[in-house]
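Data first, discussion second: the structure below is written as structure tokens.
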Amino acid sequence: MDPTNVRKPDYFHKVVDCQWACPAHTNVPEYIRLIAQGRYTDAYLLNRESNVFPGVLGRTCDRPCEPACRRTRVEDKPVAICRLKRVAADLRDDVTALIPQAPKTKNGKRVACIGAGPASLAVANDLMPLGYSVTIFEKLSKAGGLMRSNIPSFRLPAKVLDDEIEMIVNLGVDVRYGAPVKSMKSLLAEGYDAVFVGSGAPRGKNLDIPGRYDSPRIHIGIDWLESVAFEHIEKIGEKVLIIGVGNTAMDCCRTSRRLGGKDVKVMARKPRKYFKASPWELEDAEEEQIEILINHEPVRFVIDDLVPGGKLVGMEFQRYESKEEGGKLVQKATDKIILPCDDVILAIGQEASFPWIERDLGIEMDKWDCPIVDKTTFQCSLPGVFFGGDAAWGPANIIWAVAHAHDAAISIHNHCNNIPLTDRPAHGMTLVSAKMGLHEWSYKNDYNSVGRAKMKHVDLVERFKSMKVEVEEGFDPEQTALEVARCLNCDIQTVFTEALCIECDACIDVCPLACLTIAPDGDEKTLRTRLTAPAMNLTQELYASAPLPQTKRLMLKDEDLCVHCGLCAERCPTAAWDMQKFDLFMPRAGAKT
Amino acid sequence: MSYIKKPAVRHPSLQANALGLTVRDYEGAMSTLCAGCGHDSVTAAIVRAFHELDTPPHLIAKLSGIGCSSKTPTYFVSGAHGFNSAHGRMPAIVSGAAAANRELTYIGVSGDGDSLSIGLGQMAHAIRRNVNMLYVIENNGVYGLTKGQFSASADVGSKSKKGEANTQSPIDPIMLALSIGATFVARSFSGDKAALVPILKAGIRHKGLALVDVLSPCVTFNDHEGSTKSYTHTRKHQLPVIEADFVPRRSPIETSQAPGTVQTVTMHDGSVVRLHKVAADYDPTDREKAWSFLHARAAAGDIPVGLLYIDEKGTEMHAGNKTVAQPLSQVPFEQLCPGSAALEALQQHYR
Ligand SMILES: Cc1cc2nc3c(=O)[nH]c(=O)nc-3n(C[C@H](O)[C@H](O)[C@H](O)COP(=O)(O)OP(=O)(O)OC[C@H]3O[C@@H](n4cnc5c(N)ncnc54)[C@H](O)[C@@H]3O)c2cc1C
Ligand SMILES: Cc1ncc(C[n+]2csc(CCOP(=O)(O)OP(=O)(O)O)c2C)c(N)n1
Ligand code: SF4
Ligand code: SF4
Ligand code: SF4
Ligand SMILES: [Mg+2]
């Protein structure tokens, strides 16, 4: 087998599973170490470099990093990466003076962004320090997009959101509130050097069944949440049915509980295994005494016509029996049932829609009537017009919106400077030895077997008093101190120098997780049969050395279960194995290639 | 040495043995030897051997003398009984312990200094007595613990770290053991666990004293150019003579090898050692032939390795002394010591 090329940044980047899984590639292990050292501001800034909204994300992120976390391979629960981010955000000092500022002299280029959601804000964040003049057009009276209008304040306090939006707007962004873009054509006519569309996926899906238009008490989830956020709605009936079981449904049911809903039910067509909502969102809803009914499909709304104008009194459902056959869900209809209710909230999805984009501008649409956007450059078929966030490929989440924005900003910068969009600054890396002494490392290498910290919640009575009571209390200092110790420092890489190895086997003997093997050369498939322990994850590349000096065998490492304890390096007499800190260099717009 | 303990987390695919224990349950404390010491690899091989043999940790007794090698029993099977004797005295202590309790599995770990310098007489007599034990010499040609003086196994001409050559002729434990009637004699290399583990397993199952001389480089004081006990020298000059396979009792035995090149020896408990002859004319059951072959190869500068001699018909200490089957430690005191009247009667008999 050819020696693995560990000089390309991707190899070691993949070993940092959380960072690899994070769409914005946040340097998780490093910020966790900074928190461990009490350097909250530094931890915050490191986060902000990648994900722009650490305070918001530390409370709301979809956290794709956590299921990827290496800790889940040696123990069932991942490191609480997301809530540690919140610790940094909560305990940081004022960072105004520490973040990149816009230069006094502008570069003369004007960029228009549509929508003031996380996507557009992050684009502005990247472009302002380069001297661009950025104008954001926002339909609503406040910035933040769905973070403002849909994520309820008991999950995300307004102050946290305000602070992080201000950091960007204060760079000198020109935000026009109450300024919906109604025509792309006229916007283009204003002669901007580039346009970024960050208008999200603002249309909630409808459920067109009998009775749908016969009562004002049937709401579209995302519109209803927006009305609550802007305090246009302050009450709901006692009996509420939520249709759908995604994350929007969870916010709708929990919000209902705070606006007077006493008997709130979430109605699901399929069994729990098929729910779209994140497990933690389901748990939080159930903690608030929300009932989730499975195998119910809505049939019609039941309206009492005797009441003038029609009164919603219930909803009829088809019930099913579910079982799995050959891994597939098979549902058999059983009976029908009517459940009484005062209000129904439809939370069955949302989609992008662009009625304001004229179809003769050269912006090509696909069969779903959405613009065709390039996956790398984020440009549509009309040069100079870029898309990102939910507007690009439909609803995703905040961290994806931010990741899109960084890439779109690179494209916008290239576009404005006549650099081909495909000419993108490459990822880089640095590796620095973590050795500080014979048995001393620049990180805490001991494995701590403590379990995941449990987030404390405000009690039910207190939290139902107002929409504004944040449910999660955040980690206390003891919890933080233990939780940071659970991180396996996956960025501290094991790096091998074959010329030094004397094949004493010490590294192999000491490794607690049987990651290492010295074996005669062969192709990768054969080598996998020679490993000390069978590989659990075949998508994980083998780290293979060049032939070793004494016997020409190869040193092999299966990275999958390595806990970065550093014992291999410590027991190596020649430092053929060394622990080296990996830093990914993620270029932003304007970086030198 | 390392400051942190080896984390308890383990690979999910680790197999449990018949006792429900994984290989990690046979480990001991963290080694405090120099990083890269051959002895640590021997320790890892011992851990594997006991795990694979399903030996209950509490029925193992691990004994040693003084030296880096003699420190290693601390690093395997923490659940076993242990004893650190005075320098070179491990064989006497094992003899006593084995006499008192024949039920335990005995492993003595020693060094070339411990066994061939100060403890030569002790070792020789344990071999003659044929104590039922696995006797491992971790042979590095020096006194590692006292900073690298030549031991009695250092070859003539082998250079010390400072460049001086040894002038006294070496004691080869293999030749010595063969000449005084040892019934199980093997040599292996710490850097080759595939060969070492089956030899250790066969040695543990052998009824009588199984001597295993393991070349185990001292990475700090004897791994330089000019040393004949370094990793490089051993790799270059080792001559595989016999490769042993240990097949536990009641396991099917496949015979894929060409006849004549494989010889099988059935052990007391029914397990089998299969001996693959790498050197075709070698017979590991013929003491004289083995002796002359090994003598000639050693003179030519080769280091013959493998299970070099085995005799399952030898008489082990308890058989020789016709002791009762029950461990003496469990025989009631009145029976063990019938009293002064009985002694008087016995003496009377000889007067
Ligand atoms: C109920 C709910 C809960 C959610 N919870 C989470 C969560 O906990 N964590 C998470 O990561 N994600 C969550 N999401 C998803 C997340 O909010 C979105 O993926 C993210 O906000 C998308 O960002 P964006 O910038 O692309 O668009 P948006 O946030 O949708 O912002 C678009 C902005 O554009 C404005 N706009 C639209 N059209 C025009 C126009 N023509 N002219 C001017 N302005 C316009 C809108 O008013 C809006 O302010 C949730 C979504 C919903 C619906
Ligand atoms: C009676 C006595 N004499 C001398 C010593 C000093 N001493 C300690 S270890 C040792 C030699 C150990 O050599 P070896 O058995 O080869 O072990 P190694 O350290 O090489 O593994 C000596 C001479 C001692 N401890 N006790
Ligand atoms: S750091 Fe080294 S010893 Fe520790 S788990 Fe990883 S490979 Fe094994
Ligand atoms: S401990 Fe070092 S020298 Fe020994 S085998 Fe491992 S890498 Fe090679
Ligand atoms: S001094 Fe030599 S024998 Fe002792 S631990 Fe170090 S390498 Fe091993
Ligand atoms: Mg020695």
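For B:Ser179, the test of being within 14 Å of another protein chain (Cβ to nearest Cβ), among the polar types (S, T, N, Q), under 30 Å from B:Asp245 (Cα atoms) and away from ligand 5 (no atom under 13 Å from the Cβ) is failed. Scanning segment A:501-525 for residues that are within 11 Å of chain B (Cβ to nearest Cβ) and outside any loop (DSSP other than H, G, I, E, B) gives A:Ala506, A:Cys507, A:Ile508, A:Asp509, A:Val510, A:Ile518, A:Ala519. Applying the criterion of being in contact (Cβ under 8 Å) with a residue 12 or more places away in the chain and within 12 Å of chain B (Cβ to nearest Cβ) to the residues of segment A:526-540, the residue that is farthest from the chain's Cα centre (by Cα) is A:Arg530.
Scan segment B:2-26 for residues that are open to solvent by less than 80 Å² (accessible area, probe 1.4 Å) and either under 28 Å from A:Ala575 (Cα atoms) or of a type in the set (A, V, I, L, M, F, W, C) (or both) and report the count.
Residues flagged as open to solvent by less than 80 Å² (accessible area, probe 1.4 Å) and either under 28 Å from A:Ala575 (Cα atoms) or of a type in the set (A, V, I, L, M, F, W, C) (or both) within segment B:2-26 amount to 12.
Within segment A:218-232, identify whether any single residue is in a loop (DSSP other than H, G, I, E, B) and open to solvent by less than 40 Å² (accessible area, probe 1.4 Å), and answer yes or no. Looking for residues that are in a loop (DSSP other than H, G, I, E, B) and open to solvent by less than 40 Å² (accessible area, probe 1.4 Å), one finds none in segment A:218-232, hence no.
Could you check, for segment A:554-569, whether at least one of its residues is among the basic types (Lys, Arg), in contact (Cβ under 8 Å) with a residue 12 or more places away in the chain and in a strand (DSSP E or B)? Looking through segment A:554-569, at least one residue is among the basic types (Lys, Arg), in contact (Cβ under 8 Å) with a residue 12 or more places away in the chain and in a strand (DSSP E or B). The set of residues from segment A:541-559 being within 38 Å of the chain's Cα centre (by Cα) and either within 14 Å of chain B (Cβ to nearest Cβ) or exposed (fewer than 14 other Cβ atoms within 10 Å of the Cβ) (or both) comprises A:Met555, A:Lys557, A:Asp558, A:Glu559.
The selection criterion, being out of contact with any strand residue (DSSP E or B) (no Cβ under 8 Å at 6 or more places or on another chain), of a type in the set (Asp, Glu) and not assigned by TED's automatic domain parsing to the domain that holds A:Gln289, holds for A:Glu440. Against the conditions (1) of a type in the set (Gly, Ala, Ser); (2) farther than 23 Å from A:Gly221 by Cβ; (3) open to solvent by less than 60 Å² (accessible area, probe 1.4 Å), A:Gly326 satisfies every one except (3). For A:Asp93, the requirement of being among the acidic types (Asp, Glu), over 21 Å from A:Cys22 (Cα atoms) and open to solvent by 10 Å² or more (accessible area, probe 1.4 Å) is met. The residues in segment B:1-20 that are under 16 Å from B:His51 (Cβ atoms) and facing another protein chain (nearest Cβ under 7 Å) can be counted, and the count is 4. Summed over segment A:424-438, residues that are more than 27 Å from the chain's Cα centre (by Cα) and either open to solvent by less than 30 Å² (accessible area, probe 1.4 Å) or under 30 Å from A:Val385 (Cα atoms) (or both) total 2.
Exactly one residue out of B:His81, B:His51, B:His87 is away from ligand 2 (no atom under 16 Å from the Cβ) and surrounded by fewer than 22 Cβ atoms within 10 Å (Cβ to Cβ): that is B:His81.
Table: residues versus (1) at pLDDT 95 or above; (2) among the acidic types (Asp, Glu); (3) farther than 23 Å from B:Asp281 by Cα.
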site: B:Gly203; (1), (2), (3): yes, no, yes
site: B:Leu209; (1), (2), (3): yes, no, yes
site: B:Ser216; (1), (2), (3): yes, no, yes
site: B:Ser230; (1), (2), (3): yes, no, yes
site: B:Phe246; (1), (2), (3): no, no, no
site: B:Ser251; (1), (2), (3): no, no, yes
site: B:Ala258; (1), (2), (3): no, no, no
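Counting only residues that are at pLDDT below 95, charged (D, E, K, R) and assigned to a loop (DSSP other than H, G, I, E, B), how many does segment A:271-308 have? Of the residues in that region, 2 qualify. Hey, can you tell me all the residues within segment B:27-45 that are assigned to a loop (DSSP other than H, G, I, E, B), more than 9 Å from every other protein chain (Cβ to nearest Cβ) and either among the polar types (S, T, N, Q) or buried (at least 23 other Cβ atoms within 10 Å of the Cβ) (or both)? Within segment B:27-45, B:Thr32, B:Leu33 meet the criteria. In this structure, does A:Thr26 turn out to be modelled with pLDDT of 95 or more and surrounded by fewer than 24 Cβ atoms within 10 Å (Cβ to Cβ)? No, not satisfied. Considering B:Arg187, B:Arg129, the condition of being more than 14 Å from chain A (Cβ to nearest Cβ), of a type in the set (Lys, Arg) and more than 16 Å from ligand 6 (Cβ to nearest atom) is satisfied by B:Arg129 alone.
One residue alone among A:Ala535, A:Ala576, A:Ala544 is hydrophobic (A, V, I, L, M, F, W, C) and away from ligand 4 (no atom under 16 Å from the Cβ), and that residue is A:Ala535.
A:Arg83 meets each of the listed conditions (1) assigned to a loop (DSSP other than H, G, I, E, B); (2) within 14 Å of the chain's Cα centre (by Cα) apart from (1).
In the set (1) open to solvent by 50 Å² or more (accessible area, probe 1.4 Å); (2) more than 30 Å from A:Trp368 (Cα to Cα), A:Glu351 fails one condition alone, (2).
Scanning segment A:489-519 for residues that are open to solvent by 10 Å² or more (accessible area, probe 1.4 Å) and away from ligand 4 (no atom under 15 Å from the Cβ) yields a count of 2. Among residues of segment A:132-164 being closer than 21 Å to A:Pro395 by Cα and β-branched (Val, Ile, Thr), the one that is least open to solvent (accessible area, probe 1.4 Å) is A:Ile136.
The values are calculated or read from the model by the stated rules, or taken from the named source; none is laboratory data. Given the structure is predicted, the values throughout are model-derived calculations rather than measurements. Backbone-built Cβ (ideal geometry, glycine too); neighbour counts: all protein chains shown. The protein model used for the area step is the full one, side chains on, heavy atoms only, and it has no ligands, DNA or RNA in it. Shrake-Rupley method; radii C 1.70, N 1.55, O 1.52, S 1.80 Å.
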